[in-house]
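**Student:** Sharing a structure below in structure tokens format, with a few things to ask.
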Amino acid sequence: MIRRLGNGFLALGAAAFVAATAWWYAFYHEILGDQFQLARECFYWETPSCGVGRVVAIFMEVPAYDPMALWIAGGLLALGTLLRAFSHG
């Protein structure tokens, strides 16, 4: 039972990580074009330069990326790993 729950959290965490990555890419690629990697720190942290993107987001189709999405994905992956590690059987 706990192992299945752990598997579920791992799958959910992996999907959330893929979604966060796609969201970050879509948002910053729309702002910066092929130089979107200039915003790589915005993937995991909110900095003053990342805040400029939030202001610009008012005029964009893609909602402003929030690094909390990445941290939630990491938490789900960690929880799934812990549940699997401590399951019996």
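The values are calculated or read from the model by the stated rules, or taken from the named source; none is laboratory data. Note that this is a predicted model, so its numbers are computed, not measured. Note that each Cβ is placed from the backbone with ideal geometry, even for glycine, and that neighbours are counted across all protein chains shown. Accessible surface areas use protein heavy atoms only, side chains included; no ligands, DNA or RNA. Shrake-Rupley method; radii C 1.70, N 1.55, O 1.52, S 1.80 Å.
**Student:** Take Thr81 and tell me if it is surrounded by 14 or more Cβ atoms within 10 Å (Cβ to Cβ) and at pLDDT 90 or above.
**Tutor:** Answer is yes for this residue.
**Student:** When the residues of the range 49-64 are filtered to those that are farther than 14 Å from Ala26 by Cβ and not aliphatic (A, V, I, L, M), which remaining residue is modelled with the lowest pLDDT?
**Tutor:** Of everything passing the filter in the range 49-64, Arg54 is modelled with the lowest pLDDT.
**Student:** All but one of (1) open to solvent by 60 Å² or more (accessible area, probe 1.4 Å); (2) at pLDDT 90 or above hold for Phe36, so report the exception by its number.
**Tutor:** (1)
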